[in-house]
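Worksheet: one structure, shown below.
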Amino acid sequence: MIDVSPLVAGDEHITEVATEIDRACRDFGFFYIEGHGVDEDLQEEMDGAARAFFALPDVDKAEISMARGGRAWRGWFPFEGELTSGRADRKEGIYFGEELPDDDPRVARGTPLHGANLFPSQVPELRTTVLPFLDAMTAVGHRLLWGMAVGLGLEPGWFHQHLTAGPLILFRIFRYPPEGAVTGP
C-alpha cells in the first residue's frame, strides 16, 4: 500500500513516493494506493448509485443498453452479455466516459469511444455522481503518472506533456452476482 498523499498535496515527499511507485511497478507490476484524496462521501454515493442501478429490472436497465450508445461504447450490458476469449463473462456492467457534446470534433467525426453518456432516468443520482467521480479519478491518474515520471528520472509533467494531456477516459462499473444466483434474461 502506497500513500500517495504527497503527490496529491504536491509536498516535499514526492520523490520518496515516486521511488515506492517505481519499485512496486518493477518488483510486482501493480500497487494499491491510499491517500488519493477522492472524497469518501463521493465514493459512497458512487457505490450506492451503482447498487441502485443494478437492482433495477433488466427491462429498465435496457433503456440505456450499449446498442443505444453507438460508437461511444456507453451504456449497460446484461449478465453474460460480454465475452472474454469467446466465453460469456459472469457479470453485467455499465460503461461511461468523458461527457462530450455532439459538436466536439471527436464526436462529430464519429471517433470511437467518444460521446455522450447514457444515464438511467430511474437512478438520477448516477449522473450527478459518475461525472464528478470520473473527474476525481482522472486527477488521481494524472498525479500517479506524475509520480511514475519522477520515479523514472523524468520531469514530473513528462507524461502529461508528451502522452496524456487529452486522455481517453473510460469508466466501467461491474456487478458479479454470487455463483448460482438466478440473474440475467
Helix 14-27: angle to the longest alpha-carbon principal axis of the chain, degrees 0 to 90, nearest 10?
60 degrees
Give the angle, between 0 and 90 degrees and rounded to the nearest 10, that separates the Cα long axis of helix 40-54 from the longest principal axis of the Cα atoms of the chain.
20 degrees
Expressed as a rounded percentage, what relative contact order does segment 1-91 have, with Cα pairs under 8 Å and six or more residues apart?
18 percent
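Of all beta bridges DSSP finds with both residues in segment 1-137, what is the antiparallel percent, to the nearest 5? Please list the in-between numbers first.
Details: 5 of 9 bridges.
Antiparallel bridges make up about 55 percent of those DSSP assigns within segment 1-137.
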Just to confirm, what accessible area per residue do you get for segment 97-185 at 1.4 Å probe, in whole Å²?
59 Å²
Could you put D103, D58, D39 in order of accessible surface area, largest first, with the 1.4 Å probe and the full protein assembly present?
D103, D39, D58
GNM top mover of R23, R51, R127 - the chain, alpha-carbon springs below 10 Å:
R23
Name the most mobile residue of E99, E40, E80, meaning the one with the largest mean-square fluctuation, in a Gaussian network model of the chain with Cα contacts below 10 Å.
E40
Cβ neighbours within 10 Å, averaged per peptide: list 108-114, 10-16, 28-34 in order, most packed at the top.
108-114, 10-16, 28-34
Between L56 and L152, what length comes free when the chain is fully extended (0.36 nm per residue of separation minus the Cα-Cα distance, one decimal in nm)?
29.9 nm
Could you look at the chain and say what percent of its accessible area is carbon and sulfur, using a 1.4 Å probe and all protein chains?
55 percent
Just reorder V17, V8 by solvent-accessible area, largest first, 1.4 Å probe, all chains present.
V8, V17
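The values are calculated or read from the model by the stated rules, or taken from the named source; none is laboratory data. Predicted model, so just to flag it, every value in this text is computed and none were measured. Glycine also receives a Cβ, built like all others from the backbone with ideal geometry; neighbour counts cover every protein chain displayed. Only protein heavy atoms, including side chains, enter the accessible area calculation; ligands, DNA and RNA are left aside. Shrake-Rupley method; radii C 1.70, N 1.55, O 1.52, S 1.80 Å.
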